[in-house]
Amino acid sequence: MTIGLVSLSLLMAVIVGWLFRQTIHVQPWQAQALVPEAAGDAVPPSAIRTALWVFLAVATSLFALFASAYAMRLGALADWSPLPRPRLLVLNTALLVGASLAMEWTVHAARRADLGDVQRRLLVSGLLTLGFLLGQLVVWKQLNDAGFFLTSSAAAAFFYLLTAAHGLHVLGGLVAWGRAAMRAWRGADPAALRLLVGLCATYWHYLLVVWVVLYALLVSNELGLAICTSEPL
């Protein structure tokens, strides 16, 4: 519960600070006038970025609640039977790190208006992300073949729940990635492409951070227990 309360408190502080900095001094009619520019060729509007951060805030709340429930359940170690730690998770994590780096490099290419580099780096980030998702499915199959089903134990249920929730967010990101890729291959306006790529990069970095936290919790019962009980490792 402590994790959830701290996370939500930090989250609300970030949201309030961001909204105050971005919107508190903007007149309503001015804010509305920024929205049409989002699909056009203007500088990335603050309204669109604010919408992304609000979405990330909601997603963070969801993952914080899941992590809190996991840590609280982990604290009841009497009937907790940990899962094996598939080595493939390491490779999957490396793929997501590569996808995030490729997306960041795409941002630099978009700033230079180098359409060729944008296309290539977007393709690399998309392929690495798809590789991550396929790897997660293989991990699920390995666990299933080993007899660890969704209803086998609390540890198995949490593993499938956390990885599924993260995977769905990755799939949602691929929708935005597909839109950016289509714009890139159609030769979209550089400013509009910078906006889409920049939003995708922010989301990819967020997905990576969330996965690293989830990965640490899933593969280290000691870490989860230490966080839950606020005791040193």
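The values are calculated or read from the model by the stated rules, or taken from the named source; none is laboratory data. Quantities reported herein were computed from a predicted structural model and do not represent experimental measurements. Backbone-built Cβ (ideal geometry, glycine too); neighbour counts: all protein chains shown. Each accessible area value is taken on the protein alone, full model and side chains, heavy atoms only, with ligands, DNA and RNA left out. Shrake-Rupley method; radii C 1.70, N 1.55, O 1.52, S 1.80 Å.
Taking the criterion of being in contact with a Ser or Thr (Cβ under 8 Å, 6 or more places away or on another chain) and among the polar types (S, T, N, Q), the residues of segment 101-131 that qualify are T106, S125. Residues considered: F20, F55, F63. Of these, the only one that is at pLDDT below 95, under 25 Å from F132 (Cβ atoms), out of contact with any His (no Cβ under 7 Å at 6 or more places or on another chain) and open to solvent by 40 Å² or more (accessible area, probe 1.4 Å) is F55.
Just one of the listed residues (Y203, Y160) is under 19 Å from V97 (Cβ atoms) and either hydrophobic (A, V, I, L, M, F, W, C) or surrounded by 14 or more Cβ atoms within 10 Å (Cβ to Cβ) (or both), namely Y203.
Note on segment 108-132: residues that are surrounded by fewer than 18 Cβ atoms within 10 Å (Cβ to Cβ) and out of contact with any Pro (no Cβ under 6 Å at 6 or more places or on another chain) total 14. Checked against (1) of a type outside the set (S, T, N, Q); (2) in a helix (DSSP H, G or I); (3) in contact with a helix residue (DSSP H, G or I) (Cβ under 9 Å, 6 or more places away or on another chain); (4) modelled with pLDDT under 95, L83 passes all but condition (2).
Can you pull out the residues in segment 110-133 that are aliphatic (A, V, I, L, M) and either touching a residue at least 60 places away in the same chain (Cβ under 8 Å) or over 18 Å from M182 (Cβ atoms) (or both)? Across segment 110-133, the qualifying residues are A110, A113, L115, V118, L122, L128, L133. Look through segment 134-154, keep the residues that are farther than 25 Å from R73 by Cα and in contact (Cβ under 8 Å) with a residue 40 or more places away in the chain, and return whichever of them is least open to solvent (accessible area, probe 1.4 Å). Out of the qualifying residues, it is G135.
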